[in-house]
1. So, THR65, is that one closer than 18 Å to HIS140 by Cβ and out of contact with any helix residue (DSSP H, G or I) (no Cβ under 9 Å at 6 or more places or on another chain) or not?
2. Do you know which residues across the range 55-101 are in a helix (DSSP H, G or I) and of a type in the set (Asp, Glu)?
3. When you look at GLY111, is it assigned to a helix (DSSP H, G or I) and surrounded by 14 or more Cβ atoms within 10 Å (Cβ to Cβ), yes or no?
4. Being β-branched (Val, Ile, Thr) and closer than 19 Å to TYR215 by Cα is the filter; apply it to the range 55-99 and report the residue that is surrounded by the fewest Cβ atoms within 10 Å (Cβ to Cβ).
5. Could you please let me know if ASP51 is outside any loop (DSSP other than H, G, I, E, B) and charged (D, E, K, R)?
6. Where in the range 157-267 are the helices (runs of 4 or more DSSP H), entirely inside, with at least 3 residues that are at pLDDT 55 or above and surrounded by 15 or more Cβ atoms within 10 Å (Cβ to Cβ)?
7. Look at GLN39 and say whether it is under 17 Å from the mean Cα position of the chain (by Cα) and exposed (fewer than 14 other Cβ atoms within 10 Å of the Cβ).
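The values are calculated or read from the model by the stated rules, or taken from the named source; none is laboratory data. Everything numeric here is computed off the predicted structure, so don't read it as measured data. All Cβ positions, even for glycine, are placed from backbone atoms using ideal geometry, and neighbour counts span all protein chains on display.
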Amino acid sequence: MSVKEDMEMGIKTITWVAAGLVLSLVLSACKSVPITGRQQFLIISESEEIDLGLTAYRKTLEEETLSTDAEKVAMVKRVGGRIAAVSGRSDYQWAFNLIEKDVPNAWALPGGKVAIYTGILKYTQSETGLAVVMGHEVAHALARHGGERMSTGMMTQVGVQGISLLLGQGDPQTTQAVQQAFGIGSQVGIMLPFSRHHESEADEIGLHLMAKAGYDPREASAFWKRMGQGGGKKPPEFMSTHPSDKSRVLRIEALLPKVLPIYEKNR
């Protein structure tokens, strides 16, 4: 057998072994998202996620300014507390803070660290409106969307390395072109829709949470309509990490018949 044939055989063997390991990893890493029941891929442990979230949370609070508006801070903590109480995760160390920053944003980190920016309050307009945002962010934490994105990113890197292995003996320019195409393809074809799906799933879970906490879920469509009228040029939906405002409102309104009975029972 020639040196070239030895190399080709070696590459094929490594590829099949790697494929087997990846398949085993995928099968063992399937979990179910609360409420939606969707199967998700997680290869990072929840404890690792929580540690990463706590580190990021502490760093962010060091860099940002917390609001001193006692009334608004109390509202954020009150709404957050009610949503967390029905989340089913009493083991999380929930924390809710209001950051003094005029941007319409909010986020949640693994383990239950949630922040609301003062700039979004002009769109929430009420405690129920704030519950829409809070339910959505808590949903991200419950569904472990951060860990899922990290897991997918790790597997994407495996794919890139696999291409390098398979084409390593070929023309360097071809290899680079394929890798670049894969990177662009995964960004637009996988990661962005994946992110949009997370947003839609967080909307759905958030509706259930706010309804269980006694907040009217019909406020969700009104909130997102206000956000859509907030101005600012937005990218096309296929290039965005979030659904378009129109798509979001239509989907939320379609979900209302499911969650309104929950609200009627708990209001």
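1. No.
2. GLU62, GLU63, GLU71
3. It is false that GLY111 is assigned to a helix (DSSP H, G or I) and surrounded by 14 or more Cβ atoms within 10 Å (Cβ to Cβ).
4. Filtering first and then ranking leaves VAL73.
5. yes
6. 192-212, 219-228, 245-266
7. yes
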